[in-house]
Amino acid sequence: MAIPATLQQGLKLPVIAAPMFLVSGPELVIGACKSGVIGTFPALNQRTTEGYSQWLDEIKAALGPEDAQYGVNLIVHNTNPRVMADLAVTVEHKVPLVITSLGAVKDVVDAVHGYGGLVFHDVTTVRHAQKAAQAGVDGLILVCAGAGGHAGTWSPFALLNEVRQFYDGCIILSGCMSSGRDIATAMMLGADFAYLGTRFINTAESMAPGEYKQMIDEAHAADIVYTPAISGIPANFMSQSLIANGLDPKSLPEKTKVDLGKELDHEVKAWKAVWSAGQGVGSIDDQPPVAELVARLKREFDEASSAYAKKWVAAG
Ligand SMILES: Cc1cc2nc3c(=O)[nH]c(=O)nc-3n(C[C@H](O)[C@H](O)[C@H](O)COP(=O)(O)O)c2cc1C
């Protein structure tokens, strides 16, 4: 139970800025790493494998040994025709951290381990966590209820405690964290890293449009709708965005996807038009540069940790 040595470089806070489709690009990754947290992006945020390779060149050129490490997200599934080509580029660039979604495949893990990289895998249930642990991954990302994107349904207390019964590797907790106190709480629960998505949408460097960020500023947890109707797999979206797309959040289909028009690939249209966010939106009301946000998170994290230590002493 610890942060792997290679990821400790330049780390000022145990935080990973989570990969987000159409939101995270080189600017956000570089900003995160230079501020002392791990920056990541989905390979599919570039339209081609060549473009993905160029982004990796850009990120590597901007970062030095004093900066935190970076990572990429690969969707390991037969619906992603690019996965093998993107993996080859990942190996070529020796990407320090690879975050796999959907498939925890031993061949992918072996390929990344071959150059000394690490693999963290996204899970939402204990069964998926067991399968990923068997595939030899270096960390399990527990995506809990209320997270942005394809969230799980489990409470972080329930999932983390059950996973710890059979897994003593690195645990990364995901879902609804927006403040330094939230990150400190994740550490208290026994996580090694906090995995923050929605909070990083609202930074100057994210690729999200201004209206998306504004909607997050104004939204509350009660506005978040968990539905499979947009992307086919249950995910969290802001009701304001569903309504803006002519959809009634109260009468979404439970088994089929809504028709979002034909002009774009459905999955791209889904995430481009209908804006996803986690229940942590209620604590977000600004769009600072990443450096400013991370400095604030660090201050809040330190204050919360020492306030708790004092409270504990006082109570004891
Ligand atoms: C807009 C959006 C897009 C996302 N896209 C991806 C993705 O492409 N790959 C992935 O592994 N996770 C994706 N996620 C999930 C995040 O990586 C992370 O698990 C989640 O945002 C954490 O919860 P939080 O948003 O409450 O902090 C996405 C989340 C959001 C909000």
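Each reported figure results from applying straightforward, stated rules to the coordinates on display, with no laboratory input. Fair warning: this is a prediction, and the values are worked out from it, not measured in the lab. Cβ: placed from backbone, ideal geometry, glycine included. Neighbour counts: every protein chain shown.
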Requested in this report: Using DSSP, restrict attention to beta bridges with both residues in the chain and report what percent are antiparallel, rounded to the nearest 5.
Outcome: 15
Query raised in the report: What dipole magnitude, in Debye to the nearest 20, does region 210-273 give about its Cα centre under +1 on Lys/Arg Cβ and -1 on Asp/Glu Cβ?
Result: 180
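Want the number for residue 47 to residue 161: 0.36 nm per residue separation, take away the alpha-carbon distance, what's left?
Values: separation 114, 0.36 × 114 = 41.04 nm, distance 3.88 nm.
Using 0.36 nm per residue and subtracting the Cα-Cα distance, I get 37.2 nm.
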Query raised in the report: Using the Cβ atoms and a cut-off under 11 Å, what net charge is assigned to the surroundings of residue 67, where Lys and Arg are +1 and Asp and Glu are -1?
Result: +2
Requested in this report: Divide the volume of the convex hull of the Cα atoms of region 46-166 by its number of residues and quote the answer in cubic angstrom per residue.
Outcome: 127
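Using the number of other C-beta atoms within 10 angstrom as an exposure proxy, rank 259, 192, 182 with the fewest first.
Lowest count first: 259, 192, 182.
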Query - Largest to smallest principal axis extent of the C-alpha atoms in the chain, angstrom - result: 57, 47, 38
**Report entry** Rounded Å value of the spacing that divides the Cα centres of region 284-316 and region 129-164
**Finding:** 25
Requested in this report: Would you mind working out the magnitude of the charge dipole of the chain relative to its Cα centre, with +1 at each Lys and Arg C-beta and -1 at each Asp and Glu C-beta, to the nearest 20 Debye?
Outcome: 540
Requested in this report: Distance check, please: which entries in 94/255; 12/311; 12/310 exceed 29 angstrom between their Cα atoms?
Outcome: 94/255
Query raised in the report: Which one of 131, 213, 255 has the biggest mean-square fluctuation once the chain is modelled by GNM with Cα springs under 10 Å?
Result: 255
Requested in this report: Would you mind ranking 55, 275 so that the residue whose beta carbon has the fewest other beta carbons within 10 Å leads the list?
Outcome: 55, 275
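How many times 2.2 N^0.38 Å is the alpha carbon radius of gyration of region 1-103? List each step's numbers first, then the result.
Details: Rg = 13.0 Å, N = 103, 2.2 N^0.38 = 12.8 Å.
For region 1-103, the normalised Cα radius of gyration is 1.01.
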Query raised in the report: Across 10 Å bins from the origin, how do the percents of Cα pairs in region 210-273 run, short distances first?
Result: 21, 57, 22, 1
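Just from its helices, what would the mean residue ellipticity at 222 nm be for the chain, if runs of 4 or more DSSP H residues each count -39500 (n - 2.57) and the sum is divided by every residue, rounded to the nearest 500 deg cm²/dmol?
Numbers: 12 runs with 125 residues, N = 316.
It comes out at -12000 deg cm²/dmol, rounded to the nearest 500.
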**Report entry** Residue exposure sequence - 218, 254 - by fewest surrounding Cβ within 10 Å
**Finding:** 254, 218
Report task. Quick one: compute the contact order of the chain, relative version, from alpha carbon pairs under 8 angstrom and 6+ residues apart, as a percent. Result -> 18
Query raised in the report: For region 210-273, what relative contact order do you get, as a whole percent, if you take Cα pairs closer than 8 Å and at least 6 residues apart?
Result: 29
Report task. Step through the table entries 213/269; 106/257; 250/272; 34/60, compare each Cα-Cα distance with 23 Å, and write down the pairs that go over it. Result -> 106/257
